[in-house]
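Read the structure below first, then the notes.
The values are calculated or read from the model by the stated rules, or taken from the named source; none is laboratory data. These numbers were taken from a predicted model, which means no experiment stands behind them. Ideal geometry is used to build each Cβ from the backbone, glycine not excepted, and the neighbour counts take in all protein chains shown.
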């Protein structure tokens, strides 16, 4: 394992720092004595370039209203070009305090109450909420689970749903929680179907930098037509573990769509970037790439360790390595428990806090989502706890 300058084995004590992942366990799970492997942030320190930039900004001592500078936007554009070979115009970049708020803004800007919005399930729970909370009709296009544990799009069902008056499609690319990196062919198919019907695509690409297999293709690169019919949601938050700085960059090539989106953002007066979010993002994109590459190597090693451990000791659980994200979608269906029973078992017997698969949709019944972006010692402890709990369960049955 090549750790170079960054020690990802370091256990950083996040307790009593108002960390949702650690200090929010009692509120969500009703317990505090478990390992938190749920909220999708890392337990690693951010890149040194980010920490140094924030320290320098703090030394200045004044944290007034802040602009998105030319250098800030240039750092975003250069990152997209270098990491994804996507050439963007800096004028396309619109600030949002987060990707989920951006999804909500898009739903409000481009649909009316009662309009249909399509999502591909199982999917990140806020995808449901940004539709139903605003009185839109939710249309689900379930992904198809294959025998090897991977998922594919059901394009025939998608076409039928789009023909039924869908106005907007929210795409998760790469997909959370199943970890797919959609192929160019898949993106071409979904783009063609939406382009033919005038359906706007809002593509959540927050995990775009966290790819292990294949290559992420920004949706706007698929065709000139879809470039002018999509909104691309990006952020450095997952990539560099700076989610708490609430900084996202929404990239909208179409002038008319961009202006309408900006008008909706302005309605809620949240269009101003924070002083620390600005410098952190710029520093991350300009100086965090080595850290990211090493973090990805470390996370993938964690995944391989878990896959091998479970194969050897807990054959009831099936692990399919994701193509992207630092999230494992664990298949517990052979354990034969309901979603609530499984979550309770993991909390009380294994002392582990994971995300219930059912919270991502009915297709997630029997699955659990596990965040593995943490030091190996925590992963090893989690596996030993899970092994012991499963041994006790076998003995009881």
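Annotations
- Boolean, residue 44 is crowded, with 19+ Cβ neighbours inside 10 Å, modelled with pLDDT of 95 or more and outside any loop (DSSP other than H, G, I, E, B): no
- Restricting 201, 222, 231, 206 to those that are assigned by TED's automatic domain parsing to the domain that holds residue 177, touching a residue at least 60 places away in the same chain (Cβ under 8 Å) and farther than 24 Å from residue 299 by Cα reduces the list to 231.
- Qualifying residue in region 334-352 (condition: in a strand (DSSP E or B) and within 30 Å of residue 209 (Cβ to Cβ)): yes
- Taking the criterion of being without any contact (Cβ under 8 Å) to a residue 24 or more places away in the chain and out of contact with any helix residue (DSSP H, G or I) (no Cβ under 9 Å at 6 or more places or on another chain), the residues of region 239-280 that qualify are 256, 259, 266, 269.
- Of the criteria (1) assigned to a helix (DSSP H, G or I); (2) surrounded by fewer than 24 Cβ atoms within 10 Å (Cβ to Cβ), which one residue 253 fails: (1)
- Only one of the numbered conditions (1) outside the structural domain of residue 293 (by TED's automatic domain parsing); (2) closer than 23 Å to residue 279 by Cα; (3) in contact (Cβ under 8 Å) with a residue 60 or more places away in the chain is violated by residue 59, and that is (3).
Per-residue answers, yes or no, for (1) in contact with a helix residue (DSSP H, G or I) (Cβ under 7 Å, 6 or more places away or on another chain); (2) closer than 29 Å to residue 44 by Cβ; (3) surrounded by 24 or more Cβ atoms within 10 Å (Cβ to Cβ); (4) at pLDDT below 95:
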| position | (1), (2), (3), (4) |
| --- | --- |
| 179 | no, yes, yes, no |
| 185 | no, no, no, no |
| 195 | yes, no, no, no |
| 211 | no, yes, no, no |
| 228 | no, no, no, no |
| 233 | yes, yes, yes, no |
| 237 | yes, yes, no, no |
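- Considered as a group, the residues in region 274-320 that are under 21 Å from residue 381 (Cβ atoms) and touching a strand residue (DSSP E or B) at 6+ places or on another chain (Cβ under 8 Å) include one that is surrounded by the fewest Cβ atoms within 10 Å (Cβ to Cβ), and that residue is 311.
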